[in-house]
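Heads up: the structure comes next, in structure tokens.
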Number of protein chains: 2
Amino acid sequence: MAKFLHLTAFMRPVSLHTGAWRYPGAFADANFNFAHIKSFAQKLEAANFDAFFMADHLAVLNMPVEALKRSHTVTSFEPFTLLSALAAVTERIGLAATASTTYDEPYHIARRFASLDHISNGRAAWNIVTTSNPDAARNFGQDEHAEHGERYKRAREFYDVVTGLWDSFADDAFIRDQESGIFLDPAKMHVLAHKGDELSVRGPLNIARPVQGWPVIVQAGQSEPGRQLAAETAELVFCSPRDLAGGKALYADIKGRMAAVGRDRAHLKILPAAFVVVGETVEDAKAKRSKLDSLVHYDSAIASLSISLGHDASGFDPDGPLPEIPETNASKSGRAQVLKLAADEKLTVRQLAQRYGGYSGLAFVGTPQTIADEMQAWLDEEAADGFTVVFPYLPQGLDDVTQQLVPELQRRGLFRRDYEGSTLREHLGLPRPANRFFS
Amino acid sequence: MAKFLHLTAFMRPVSLHTGAWRYPGAFADANFNFAHIKSFAQKLEAANFDAFFMADHLAVLNMPVEALKRSHTVTSFEPFTLLSALAAVTERIGLAATASTTYDEPYHIARRFASLDHISNGRAAWNIVTTSNPDAARNFGQDEHAEHGERYKRAREFYDVVTGLWDSFADDAFIRDQESGIFLDPAKMHVLAHKGDELSVRGPLNIARPVQGWPVIVQAGQSEPGRQLAAETAELVFCSPRDLAGGKALYADIKGRMAAVGRDRAHLKILPAAFVVVGETVEDAKAKRSKLDSLVHYDSAIASLSISLGHDASGFDPDGPLPEIPETNASKSGRAQVLKLAADEKLTVRQLAQRYGGYSGLAFVGTPQTIADEMQAWLDEEAADGFTVVFPYLPQGLDDVTQQLVPELQRRGLFRRDYEGSTLREHLGLPRPANRFFS
């Protein structure tokens, strides 16, 4: 089979752009209105998207009050409640939830994902995060955040425990013979009895083995231990390379690490986040993006630009070009990127600031044809197996993707015209894991 | 308004009777089939039930293998995943989930119930349990279970933290003014900064105040500290008195404790669990129950009877009457109950054992008229504000209640013919709590 793209939708928040909720025609409450989110999920399913992806935070993120009062994501649904509700009103699209290995218990996590997998008939995925946010620590009784390496050590063991709990029952453990009265075969139940450095969990899990064997494992870490954890465990990687070269390097690195631990490269799909703005012409798309960026408040915007520059930009003339800035040791690559962007697009300080305060990651801004060209290049050059689409505003930005970009990808044979399987593993071409305790 | 009954359905497991799944015509997988459970919830909603209630366990309960292999509840859905899925396919019925204060974190609990309350438009309820099961402890890294008083101390503080987190935002904190770009009013966000003996939680919660202000608080503890916690905090009590006298005593005790702490007696509804078997005649209903009891395996049944008697019954003639048993100190009231039941219903040892191995709590077994008479007596004599209905088998036992008993209760003016409000608080006649930080 020829190579084709996998597409997931980044849906918590429903847009990562801080100005999204103010765009003309946008739903101001898109991120926190179940009826809206249900309609988005159903549209994504009608467009055959692989999955609906929810990031998560375990806190209201610490930010200056000027940014806080403009933040459209302070109030959001918790992942399991939202995805379970969506499971009941969709049939095929995958449902990926973020859950923390630092501030939760493996028994709870194993149980909820198994439950979501059963309720959705095999559509659940677990995005493993180690939660690096100190604000979250303070919501869970801790003053200090655990050190990076320690968090990844716990995450690795947590993964072993969760997958071990999912294997508590053989796939055929439940007989339910009304005549004899035998409901399950106790020989097909395994007590994990895990005792490790970080965790002690007896088991068994109080739910049958998930439909998919294990829900799909997702990882987003791009640090050294994050990449290694992904290579060892992940089946889907969500990442944020800034350009094609960066994407190729990350792709080669993670797939190379997989080979080193004896895994099949095809058993992990790498889907960079891509902010997609569709227009009738490239200029039209760029104008939409400029309009969107202009809705970012200057106070929060200039703070973001200062961070990217490693230099306080608040004194610059907002309507002039970016002035010369003395070199510093801090954030060289970030600074170089800002300078390149300012030169390439001839942006004023205000426009630059609003770009950084809005959404500054990888973006495909153009017509369905030019965006499909770019996506195809990433696929052909082994920089991606598809994309995690970030919408600029809702509903229109999402409709533009599902009604214009997806049909163009389908015409090129780059994206499915209909789901072929029923589980997320089937959508992604991933094998169903064997049960480690029962063959 | 005249007094009328509130009815909730005990739905995890969907039947507490161990033989339920074997009854002729019963769904063997009723407890673990989302399509079935969805249809049950929709039928209960069509019958105007106040709420769908989920008990919970954080383990596969420890039991002899002969009982384990016959247990139809070893595999169950996790409460939040199931109730959230049901929230998307129902509109009015309340959704009550059990969550443990011993093995979970207040930030998670506050967030999930708030999320369920928003997704369901104000239908969530939290059944506070302290989890007394040692098997659960071992799934959460602990060898020993926390001592009773210690668990209740944490539960009380946990409740304060959860309700405090629900009050993180004023009801009108979210402005969402697209023109000015102001999404929320930071002056209407409260940082809890709780530091107590058991818990340290900063806040704020990352979700708007629940639709109901706070989800309805449910309590089931009947111990001394359980009753006190209920009197101080609960708005709905699920309990298990064995007869009308026991119901009256418990009702008077809890409502009396409420008065002692300055609460309005009307702001807590007491709904004893009642196993309901409807027949065309009383004899028909009793025959259904006997048939159901006969499906309980003798090995597990005799163990249950032995426990209730405080005496090993395994050597008794199964088909003879209960022999004389020497008095012991253990379980005097349990023993007296067995002897009374054996005499009243002239049961053999096998039948007695199967009653105790099946479901031995309060039961209403008769015609819609006789059952309505009994329910009315409990209401009139201040032994109950309604009932938590336990179904004998599904779907028929549930259909019998919704199609025969409920219309009889409606004819008598004892039960609503349609929901009057939209939230669970409105169904129960409970006030919406004020926000402690914002008036």
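The values are calculated or read from the model by the stated rules, or taken from the named source; none is laboratory data. Just so you know, these numbers come straight off a predicted model, no measurement behind them. Note that each Cβ is placed from the backbone with ideal geometry, even for glycine, and that neighbours are counted across all protein chains shown. Surface accessibility is based on the protein's heavy atoms, side chains included, excluding ligands, DNA and RNA. Shrake-Rupley method; radii C 1.70, N 1.55, O 1.52, S 1.80 Å.
Amide H contacts of residue A:94 (H built 1.01 Å from N, in plane; Pro and chain starts excluded): A:51, A:52 sit under 5 Å, all sequence-distant by 5 or more or on other chains. Mean separation of Cα pairs under 8 Å and 6 or more residues apart, divided by the residue count, gives region B:292-385 a relative contact order of 35 percent. Legend: mean number of C-beta atoms from other chains within 10 angstrom of residue C-beta atoms, peptide A:185-193, equals 2. Ranked by the mean number of other Cβ atoms within 10 Å of their residues, highest first, the peptides A:261-267, B:336-342 fall in the order B:336-342, A:261-267. Sorted from greatest to least, the principal axis extents spanned by the alpha carbons of region B:324-439 come out as 64, 40, 28 Å.
Solvent-accessible surface of chain B, taken per residue with a 1.4 Å probe and all protein chains present: 36 Å². Once A binds B, the 1.4 Å probe can no longer reach about 6200 Å² of accessible area, counting both sides.
Give the ranking of A:437, B:80 by solvent-accessible surface, highest area first, calculated with a 1.4 Å probe.
So the residues, ranked largest to smallest area, are A:437, B:80.
The calculated FRET efficiency for residue A:339 paired with residue B:35, based on their beta-carbon distance and R0 = 56 Å, is about 0.45.
The Rg/Rh ratio of the protein assembly as shown, with Rg taken over Cα atoms and Rh as the Kirkwood radius over Cα pairs, comes to 1.00. Where a ≥ b ≥ c are the square roots of the eigenvalues of the C-alpha gyration tensor, would you call region B:1-90 rounded, which needs a/c under 1.5, or, failing that, prolate if a/b is larger than b/c, or oblate? Cα axes put region B:1-90 in the prolate bin.
Computed over protein heavy atoms with a 1.4 angstrom probe, the accessible surface ordering of B:167, A:160, largest first, is A:160, B:167. Charge tally for residue B:180 (other residues, Cβ to Cβ under 14 Å; Lys, Arg +1; Asp, Glu -1): -1. For residue A:129, the shell of other residues with beta-carbons less than 11 Å away shows a net charge of -1, using +1 for Lys and Arg and -1 for Asp and Glu.
Excluding residue B:354 itself, calculate the net charge of residues whose Cβ lies under 13 Å from the Cβ of residue B:354, where each Lys or Arg counts +1 and each Asp or Glu counts -1.
Local net charge: +2.
When B:17, A:118 are compared by accessible area of protein heavy atoms, the largest-first order is A:118, B:17, using a 1.4 Å probe. Length gained on full extension, residue B:200 to residue B:175: 6.0 nm, using 0.36 nm per residue less the C-alpha separation. The lysines within cross-link reach of residue A:38, meaning a Cα-to-Cα straight distance under 24 Å and a gap of 8 or more places when in the same chain, are B:38, B:43. In straight-distance terms, cross-link reach from residue A:346 covers every one of the aspartates and glutamates whose alpha-carbon lies under 14 Å from its own, apart from those fewer than eight places away in the same chain; here that gives A:319. Estimated purely from DSSP H runs of n ≥ 4, each contributing -39500 (n - 2.57), the mean residue ellipticity at 222 nm for chain A is -11500 deg cm²/dmol once divided by its residues.
Placing a label point 7 Å from Cα along the Cα-to-Cβ axis, residue B:121 is separated from the same position in the other copies by 2.7 nm, shortest listed first.
The distance linking region B:50-111 with region A:154-189 is 18 Å (Cα centroid to Cα centroid, whole angstrom).
Each residue was assigned an accessible area with a 1.4 Å probe, and for residue A:281 the value is about 70 Å².
Enumerate the helices in chain B for which the Kyte-Doolittle hydropathy averages 0.0 or more and the C-alpha atoms extend at least 15 Å along the helix's axis, using complete DSSP H runs. Taking the DSSP H segments of chain B (at least 15 Å long, mean hydropathy at least 0.0), we get B:34-46, B:244-260, B:298-309.
Heavy-atom surface analysis with a 1.4 Å probe gives region A:283-358 a carbon and sulfur content of 53 percent of its accessible area.
In plain terms, the chain from residue B:319 to residue B:261 could stretch by 15.6 nm, reckoned as 0.36 nm per residue minus the Cα-Cα distance. Rounded to whole numbers, the Karplus 3J(HN,Hα) couplings from phi for region B:397-408 are x, 6, 4, 4, 5, 6, 9, 10, 6, 4, x, 5 Hz, using 6.51 cos²θ - 1.76 cosθ + 1.60 with θ = phi - 60°, and x at Gly and Pro. Here the contact order of region B:50-129, divided by its residue count and restricted to Cα pairs under 8 Å and six or more residues apart, works out to 36 percent. Relative contact order, whole percent, for chain B stands at 23, derived from Cα pairs under 8 Å and 6 or more residues apart.
Comparing A:407, A:13, A:64 in a Gaussian network model of chain A, where Cα atoms under 10 Å apart are tied by springs, the biggest mean-square fluctuation is seen for A:64. Is chain B best put as rounded, prolate or oblate by its Cα gyration tensor, with a ≥ b ≥ c the root eigenvalues, rounded for a/c under 1.5, and otherwise prolate when a/b is larger than b/c, oblate when not? Prolate shape, in that a/c is at least 1.5 and a/b is the bigger ratio. For chain A, with a Gaussian network of springs between Cα atoms less than 10 Å apart, report the residue from A:78, A:157, A:327 with the top mean-square fluctuation. Judging by the Gaussian network model, the answer is A:327.
Packing, as the average of other Cβ atoms within 10 Å across residues, places the peptides B:271-280, B:310-319 in the order B:271-280, B:310-319, highest first. Can you list the copy-to-copy distances for residue B:172, using a point 7 angstrom from Cα toward Cβ, in nanometres, shortest first? Relative to the other copies, residue B:172 has label-point distances of 6.5 nm. How big is the antiparallel share of DSSP beta bridges in the protein assembly as shown, given as a percent to the nearest 5? Close to 15 percent.
Using only atoms on other chains, find how many Cβ atoms lie within 10 Å of each Cβ of peptide A:84-93 and report the average.
Across A:84-93, the average partner-chain Cβ count within 10 Å equals 5.
Ranked from shortest, the separations from the 7 Å Cα-to-Cβ label point of residue A:333 to its equivalents in the other copies are 6.9 nm.
The contact residues of region A:195-225, meaning those that lose at least 30 Å² of 1.4 Å-probe accessible area when all protein chains sit together rather than their chain alone, are A:200, A:202, A:206, A:207. Under 5 Å between amide hydrogens, built in the peptide plane, is the criterion, and for residue A:276 it picks out A:364, A:390 among residues at least 5 positions away or on other chains. Comparing B:182, B:270, B:254 in a Gaussian network model of chain B (Cα springs below 10 Å), the most mobile by mean-square fluctuation is B:182.
Residues whose amide H comes within less than 5 Å of that of residue A:12, counting only those at least five positions distant or on another chain, are A:55 (H built at 1.01 Å from N in the peptide plane). What shape does region A:138-242 have by the C-alpha gyration tensor, where a ≥ b ≥ c are the square roots of the eigenvalues, rounded means a/c under 1.5, and otherwise prolate means a/b greater than b/c and oblate the rest? Because a/c hits 1.5 or more and a/b exceeds b/c, region A:138-242 counts as prolate. For region A:105-133, heavy-atom accessible area (probe 1.4 Å) falls by no less than 20 Å² from the chain alone to the full protein assembly at A:105, A:107, A:108, A:111, A:112, A:115, A:118, A:119.
Here region B:283-358 yields Rg over Rh of 0.96, to two decimals, using C-alpha coordinates and the Kirkwood radius.
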